[in-house]
Amino acid sequence: MDIELSASQKEIISSILSWYKNVSGGDYLTLGGYAGTGKTTLIGYISKALRDKNAQLQIAFCSYTGKAVRIMGKKLKDVDAIYPNDSVSTIHRLIYEPLVDDKGVIIGWTRRELKDFKFGLIIVDEASMINQSIWSDLLAFNIPILAVGDHGQLPPIEGNFNLMDAPVLKLEEIYRQEKDNPIVFVSKLARTRGLIPVMEYGMNVKKFNRQDTDTQEFLQDLFLKYDDDMLILVGYNNTRVKLNKAIRQLLGFENESPETKDRVICLRNSYERHIYNGMMGRIKKISSFSDDWGTYYKSTISLDDEEDYDFEGLVSYNQFGSKETLHNEKTPEVDLFDFGYALTVHKAQGSQAKRVVVFEERFSSMTNEMWKRWLYTAVTRASEELYIIG
């Protein structure tokens, strides 16, 4: 592999290869790396170096979201680091299998049997997203795991578990090829100072003053072109609800209730129905109905990066447009979705988009360290265009 490696990258690769040489069963190693430090490049190099020593080794590459898997898979294919018997998938696809009824309809999911696994190593990307439940299921396969993530980001959405809280190995030097990337530069300002001045940092990377009249006009033009390659990120749920309403009106939705083609986000895990907190999609069919328990939506939702599986089920009527995630639904069969045009940064963890708009909103209770992590997590969701509203 023709890659110019820094001294720190070479040292980390040597440590990982040495770890794997002496590894056993369910051992794992954590590698943290900031944006622009070349984490995926290292994964590719390690993949090839391990196969130089053992051509039969099969590796399972996985990540929390479908979009992250697609990005990782493309980068690894570009450097020929994926071999014929490897697996590239979401964590959920890797370790869970569908339960199918006699009509071929998926009715639930269960953890795969250990005998189904032929892999000698699992490499998890975006490991900062993983909660304790999924991590326990991964460890249960008793296969060595290399967990790679960004230790500058916010911790996972739920619980106190944080795999990237103190990674054993750390990449903190900006990769040579990324030194001129304006998004990487802005992310470093966020991570080290928690302050991004109002100015233009590069083509399509800019911070605006929210009070300027030109800013409002720019945002309206941008939101009119909303598509699945855009993420709009905020801090306050109040802002999220207002923006979702405004963007839906700009896009021509006539009702406040959800409609076909609406962009939505899942707000609660349901392992049985293969939906997870933060998962995005679009409504294919929706109708409301009432029974003795209340009013619900019967929905079919096309989930991002799940080509062979649509969510079909009951969705909470009251969750759409609510400022809080509801936890008082009377039946476990009812799932929680909301409009997904504008998201809080916590809900966008693990996602990435070509075009990202960030509204800087800091809670009074935030420490400086938490604010830096919030801002850093927000700006690193962007791959090409970044617009910060301060």
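The values are calculated or read from the model by the stated rules, or taken from the named source; none is laboratory data. Values in this document were obtained by computation on a predicted structure and should not be read as measured data. Note that each Cβ is placed from the backbone with ideal geometry, even for glycine, and that neighbours are counted across all protein chains shown. Please note that ligands, DNA and RNA were not included when accessible areas were found on the heavy atoms of the full protein model with its side chains. Shrake-Rupley method; radii C 1.70, N 1.55, O 1.52, S 1.80 Å.
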* Structure fact -> In region 185-206, anything out of contact with any helix residue (DSSP H, G or I) (no Cβ under 6 Å at 6 or more places or on another chain) and either within 23 Å of THR37 (Cβ to Cβ) or not in a strand (DSSP E or B) (or both) is listed as PHE185, LYS188, LEU189, THR192, ARG193, LEU195, PRO197, VAL198, MET199, MET203, ASN204
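This table checks each residue for (1) hydrophobic (A, V, I, L, M, F, W, C); (2) under 20 Å from the mean Cα position of the chain (by Cα); (3) under 30 Å from TYR271 (Cα atoms).
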| position | (1), (2), (3) |
| --- | --- |
| THR30 | no, yes, yes |
| SER47 | no, no, no |
| ARG51 | no, no, no |
| ILE59 | yes, no, yes |
| ARG70 | no, yes, yes |
| LYS74 | no, yes, yes |
| ASP78 | no, no, no |
| ALA81 | yes, no, no |
| ASP86 | no, no, yes |
* Structure fact -> Filtering region 353-363 for residues that are within 25 Å of GLU259 (Cα to Cα) and at pLDDT below 95 leaves a count of 1
* Structure fact -> VAL100: passes all of (1) aliphatic (A, V, I, L, M); (2) modelled with pLDDT of 80 or more; (3) under 29 Å from GLU333 (Cβ atoms) but (2)
* To do: Residues being without any contact (Cβ under 8 Å) to a residue 24 or more places away in the chain, open to solvent by 20 Å² or more (accessible area, probe 1.4 Å) and assigned to a helix (DSSP H, G or I): count how many of those fall in region 54-77.
  => 2
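Among the residues that make up region 120-132, is at least one of them touching a residue at least 12 places away in the same chain (Cβ under 8 Å) and open to solvent by 50 Å² or more (accessible area, probe 1.4 Å)?
Yes, region 120-132 contains a residue that is touching a residue at least 12 places away in the same chain (Cβ under 8 Å) and open to solvent by 50 Å² or more (accessible area, probe 1.4 Å).
Mind checking which residues of region 282-305 are at pLDDT below 90, under 29 Å from VAL100 (Cβ atoms) and open to solvent by less than 50 Å² (accessible area, probe 1.4 Å)?
ASP304
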* Take the residues in region 252-281 that are open to solvent by 60 Å² or more (accessible area, probe 1.4 Å) and assigned to a loop (DSSP other than H, G, I, E, B), then tell me which one is nearest to GLY321 (Cα to Cα). => GLU256
* For the subset of region 207-229 comprising residues that are open to solvent by less than 20 Å² (accessible area, probe 1.4 Å) and in a helix (DSSP H, G or I), which member is farthest from SER383 (Cα to Cα)? -> THR215
* Got a sec? Which of VAL315, VAL345, VAL356 is in contact with a Phe, Trp or Tyr (Cβ under 8 Å, 6 or more places away or on another chain) and more than 21 Å from GLY152 (Cα to Cα)? -> VAL315
* Scan of region 263-282 for residues that are farther than 23 Å from SER128 by Cα and either of a type in the set (Gly, Ala, Ser) or more than 20 Å from the chain's Cα centre (by Cα) (or both), ordered by number -> GLU272
* To do: Test ILE247 against the stated conditions and say whether it is buried (at least 17 other Cβ atoms within 10 Å of the Cβ), outside any strand (DSSP E or B) and not polar (S, T, N, Q).
  => yes
* Being out of contact with any helix residue (DSSP H, G or I) (no Cβ under 7 Å at 6 or more places or on another chain), over 19 Å from LYS347 (Cβ atoms) and not in a loop (DSSP other than H, G, I, E, B) is the filter here, so list the residues in region 78-92 that pass it. => ASP78
* Asked: Across region 136-162, what is the number of residues that are assigned to a loop (DSSP other than H, G, I, E, B) and more than 25 Å from LYS118 (Cβ to Cβ)?
  -> 13
* To do: Test each condition in (1) among the β-branched types (Val, Ile, Thr); (2) open to solvent by less than 20 Å² (accessible area, probe 1.4 Å); (3) not assigned by the TED database to the domain that holds PRO258 for VAL345 and report the one that comes out false.
  => (3)
* Asked: What are the residue pairs meeting all of these: first residue in region 28-48, first residue on the phi < 0 side of the Ramachandran plot, second residue among the hydroxyl-bearing types (Ser, Thr, Tyr) and modelled with pLDDT under 95, Cβ atoms under 6 Å, and 6 or more apart or on different chains?
  -> THR37/TYR175
* To do: Output the number of the condition that ILE16 fails; it satisfies all remaining conditions of (1) at pLDDT 95 or above; (2) in a helix (DSSP H, G or I); (3) under 30 Å from ARG273 (Cβ atoms); (4) among the aliphatic types (A, V, I, L, M).
  => (3)
* Unique match (being among the small types (Gly, Ala, Ser), modelled with pLDDT of 95 or more and farther than 30 Å from PHE253 by Cβ) among GLY159, GLY194 -> GLY194
* To do: Starting from residues that are open to solvent by 50 Å² or more (accessible area, probe 1.4 Å) and of a type in the set (Ser, Thr, Tyr), keep the ones in region 133-185 and report whichever is farthest from GLU4 (Cα to Cα).
  => SER133
* When region 196-218 is examined, which residues are found to be under 24 Å from the mean Cα position of the chain (by Cα) and either over 10 Å from ILE388 (Cβ atoms) or not β-branched (Val, Ile, Thr) (or both)? -> ASN204, LYS206, LYS207
